[in-house]
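Below is one structure; the comments refer to it alone.
Every number in this text was worked out from the coordinates using simple rules, so none of it is lab data. Model, not experiment: these values are computed from the prediction. Cβ placement follows ideal geometry from the backbone for every residue including glycine, while neighbour counts extend to all protein chains displayed.
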Amino acid sequence: MPNRKILNIDSLSLQELDTDAELIPLMTPEDEEEMNNEELPGTLAILPLRNMVLFPGVVIPITAGRDKSIKLINDANADSKIIGVVAQKDESVEEPGADDIHTVGTVARILRVLKMPDGNTTVILQGKKRFEIDTVTTDQPYLKATTKEVSEVRPDKKDAEFNTIIESIKDLAIQIIKESPNIPTEATFAIKNIESDSFLVNFVSSNMNLSVKEKQDLLAINNLKDRALETLRYMNLELQKLELKNDIQSKVRFDLDQQQREYFLHQQMKTIQEELGGVSHDQEIEEMRQKARSKKWNDKVRAQFDKEVAKLQRTNPQAAEYGIQRNYLELMLDLPWNEYSKDNFDLKRAEKVLHKDHYGLEDVKKRIIEHLAVLKLRNDMKSPIICLYGPPGVGKTSIGKSVAEALGREYIRISLGGLRDEAEIRGHRKTYIGAMPGRIIQSLKKAGTANPVFVLDEIDKLSVSNQGDPSSALLEVLDPEQNAEFYDNFLEMGFDLSKVMFIATANNLSTIQPALRDRMEIINMTGYTIEEKTEIAKKHLLPKQITEHGLKPKDVQIGKKQLEKIAVGYTRESGVRGFEKQIAKMVRYVAKCIAMEEEYNVKVTDEDIVTVLGAPKMERDKYENNDVAGVVTGLAWTSVGGDILFIESILSKGKGHMTMTGNLGTVMKESATIALEYIKSNAEQLGISPEVITNYNVHIHVPEGATPKDGPSAGVAMLTSLVSSFTQKRVKKNLAMTGEITLRGRVLPVGGIKEKILAAKRANIKEIILCEENRQDIAEINQDYLQGLTFHYVREMGEVIRHAITDQKAKHAKVL
């Protein structure tokens with residue numbers, strides 16, 4: 001049976017080898033059939049083995065030391081990897097020739113070649129099929145011979161006697177494994193899982209304690225039934241020897257008292273660990289128990305800890321499970337069970353902190369203070385989870401940090417962007433090697449308290465993969481009714497998250513799972529006006545950049561007018577991230593001048609801004625082509641805030657066809673189609689000759705074709721552009737519009753009004769056309785943002801045309 005030996009083919013030495021799954025492949029009948037169908041090469045390189053026999057299907061490692069053997073292995077490994085393996089008749093012969101080897105051998109495939117530190121070469125071979133040597137053709141640089149395949153006579157599958165022999169071989173093999181102390185019990189599974197009868201006989205024959213001559217005789221038997229019967233005879237002999245040996249050992253064994261034996265072994269282990277410079281196993285466990293006495297655990301958690309500590313005490317420190325078990329207990333000890341920081345519920349102070357850290361965002365700060373007020377009165381977190389929603393750079397993440405500072409709590413932030421493994425939230429089960437708790441539990445361990453302010457950044461950018469859906473795992477985290485018993489797969493018990501203040505951030509609500517979105521209260525953080533950006537730069541961004549670049553406030557001064565020029569001319573965003581980058585460029589320029597001892601203006605001028613930042617990049621001509629018919633300014637919402645877009649249309653001689661360009665989405669194309677059809681139906685009321693519609697093609701273009709554009713809110717702008725082109729009357733200057741249209745002539749409300757209004761303000765728009773139903777959205781906007789804007793609220797398309805198109809003919813108007 002398996003004796004776990006690597007036999008050296010160049011000497012009589014034996015090397016012990018731990019069981020390796022790669023060395024006991026479980027060959028299926030299909031694998032065996034494929035192996036038997038492989039063609040045998042006519043000529044084979046012959047590798048003589050000193051003290052072992054290779055059987056078909058069996059994988060063995062051998063160590064080659066002879067120069068011829070190493071040469072043969074290297075050549076074959078670089079070529080077909082197929083060689084012939086034959087046992088020597090006399091293992092003492094150093095240079096075996098044709099007469100020194102048996103005639104029946106096994107074709108083998110080289111699976112792997114390993115260079116050992118002692119200079120020898122270890123090669124792992126797998127037997128394929130038996131062969132017989134016809135003629136040895138050469139012995140240089142190694143033996144080569146012509147061969148022929150030895151066919152195997154197999155009994156019928158319904159042969160009851162043969163099937164009984166096979167079952168007996170399995171039973172005896174399992175019994176031998178149990179009786180032998182040198183064979184690992186895992187070998188039992190290998191025996192049970194072997195499906196091929198031929199491979200079972202070969203595997204058992206290869207691993208029995210037989211001489212080379214006896215194994216060679218087994219290999220030479222062509223009839224599988226006869227070979228199986230002979231193998232069974234040898235196994236019976238081996239079992240009898242084992243039973244006799246075990247019986248003798250049991251009679252002469254000195255029976256130590258169990259208690260003395262355990263004490264002796266523990267003392268030995270303790271001494272060894274102390275000699276290696278570490279703490280003993282018992283001392284480590286005792287330290288854990290001592291630390292556990294000070295923890296604020298309930299009875300359930302304490303019982304779990306005691307159970308796991310007892311399990312660790314029984315585990316061998318060399319086992320892989322020991323490290324996982326110790327990590328688990330250390331996690332239990334490090335987690336802040338029922339340990340809370342004291343909240344500072346001075347709401348006046350909290351308000352000051354929010355105002356100090358963030359300029360503007362009045363609605364957001366008001367909602368945060370209300371949230372803290374409820375927390376103060378109820379002293380629990382049953383109120384909804386806050387989700388700060390808005391474009392990048394408006395301060396969503398930093399709001400959470402300010403809340404933590406205001407409350408005197410620990411601050412934790414984890415970025416969920418691109419997270420696609422559910423185990424990142426819930427943790428891995430302890431059965432896996434390298435198992436870890438989820439990021440929620442890990443973060444609480446670092447925080448040291450069970451009531452931190454926890455910012456879940458970029459919650460809209462969670463991904464889904466075959467590792468699960470992390471957004472679904474967050475449902476339990478963010479549900480106030482469930483998170484009092486949040487279950488982590490690694491921790492294997494509930495942990496109370498109900499005192500944690502969760503604040504999520506998102507740029508796009510449409511990508512958040514509906515069930516997860518339902519658990520959160522959405523607070524919209526829109527962009528900043530130019531005035532707000534200037535104040536933010538003055539109070540926060542400029543001092544921060546001066547400090548980060550190693551300067552002092554006296555080294556550089558940027559006035560309010562210059563800050564406004566940077567905001568208007570070099571950034572077009574809702575937040576202030578790009579604005580801060582431009583300020584950083586100015587500060588770096590000053591730092592360079594100081595370091596190189598060059599002259600510069602301490603007080604930055606407009607000329608300095610152009611010198612450092614270049615010509616203004618964002619100052620677009622809002623009146624460009626407004627003297628030409630068909631040009632309309634629309635308002636759009638994007639993931640980075642509001643923006644304006646120009647819609648142009650032009651007529652050309654044709655048959656009334658319409659074409660569109662500008663990377664338009666399906667909904668936007670449908671809006672253009674609706675607008676054209678409405679014009680065709682109401683041409684007379686709009687003052688358009690039907691002949692013009694019939695005899696001219698119209699082309700609609702939305703510039704910046706590289707940017708995808710879609711949505712219904714450009715409907716009124718499409719309509720106005722087409723009417724302007726058909727009548728050749730220009731659109732009012734400083735006018736923008738947004739709204740959806742219908743075939744009945746209705747104007748419908750659209751979303752993102754505040755962002756669009758801020759974009760119009762940045763673009764110097766004076767008049768805005770909106771749906772009547774959007775009036776309530778305007779009422780919710782701070783009136784300071786609306787200074788200088790005139791709003792026209794409409795219900796019908798005819799009202800849009802009356803407000804938007806003048807009676808003046810456009811320059812270069814076509815004669816229609």
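The H on the amide N of ILE688, modeled in the peptide plane, is under 5 Å from the matching H of no residue at least 5 residues off or on a different chain.
Helix 258-275 against the longest principal axis of the chain: what's the angle in degrees, Cα atoms only, rounded to the nearest 10? Result, in degrees: 60.
Pairs of alpha-carbon atoms within less than 8 angstrom and 6+ residues apart define the contacts here; what relative contact order does the chain have, in percent?
Working: 1446 pairs, mean separation 60.0, N = 816.
Answer for the chain is 7 percent.
Each other residue within a Cβ distance under 11 Å of ILE688 adds +1 if Lys or Arg and -1 if Asp or Glu, for a net charge of 0. DSSP assigns beta bridges within the chain; of those with both partners inside it, close to 60 percent run antiparallel. Cβ crowding within 10 Å ranks GLU32, GLU598, GLU195 as GLU598, GLU195, GLU32, fewest other Cβ atoms first. Look at the dipole of the chain built from charges on Cβ: of LEU242, ALA447, VAL692, the Cα furthest out on the positive end belongs to VAL692.
Annotation: amide H-H contacts under 5 Å for LEU419 (H modelled 1.01 Å from N, sequence separation of 5 or more, or interchain): SER463.
Using the Karplus relation 6.51 cos²θ - 1.76 cosθ + 1.60 with θ = phi - 60°, the per-residue 3J(HN,Hα) values for the range 221-234 come to 6, 7, 7, 4, 5, 5, 5, 5, 5, 5, 4, 4, 4, 5 Hz, with x marking Gly and Pro. The H on the amide N of LYS129, modeled in the peptide plane, is under 5 Å from the matching H of VAL107, each at least 5 residues off or on a different chain. Phi angles of the range 235-243 translate, via the Karplus equation with coefficients 6.51, -1.76, 1.60 and θ = phi - 60°, into HN-Hα couplings of 5, 5, 5, 5, 5, 4, 4, 5, 5 Hz per residue; Gly and Pro are given as x.
Just to verify a number: FRET efficiency for LYS669 and ASN734, C-beta to C-beta distance, R0 = 35 Å, to 0.05? Computed FRET efficiency for LYS669 and ASN734 comes out at 0.80. Take the Cα of SER294, step 7 Å toward its Cβ, do the same at TYR340, and the gap between the two points is 2.2 nm. Distance between the modelled labels on LYS581 and LYS680, one decimal in nanometres: 4.6 nm (7 Å Cα→Cβ projection). For every other residue with a beta carbon closer than 11 angstrom to the beta carbon of ARG349, add +1 if it is Lys or Arg and -1 if Asp or Glu, then tell me the sum. Residues close to ARG349 contribute a combined charge of 0. Considering only alpha-carbon pairs that sit under 8 angstrom and 6 or more positions apart, the relative contact order computed for the range 631-809 is 27 percent.
Just to confirm a number: summing +1 for Lys and Arg and -1 for Asp and Glu over residues other than LYS225 whose beta-carbon lies under 14 angstrom from that of LYS225, what do you get?
Working: positive: ARG154, LYS157, LYS158, ARG227, ARG233; negative: GLU152, ASP156, ASP159, GLU161, GLU167, ASP197, ASP226, GLU230.
Residues near LYS225 contribute -3 overall.
Rounded to the nearest Å, what's the spacing between the alpha carbon centres of the range 413-482 and the range 729-766? Just the number, please. The distance from the Cα centre of the range 413-482 to that of the range 729-766 comes to 42 Å.
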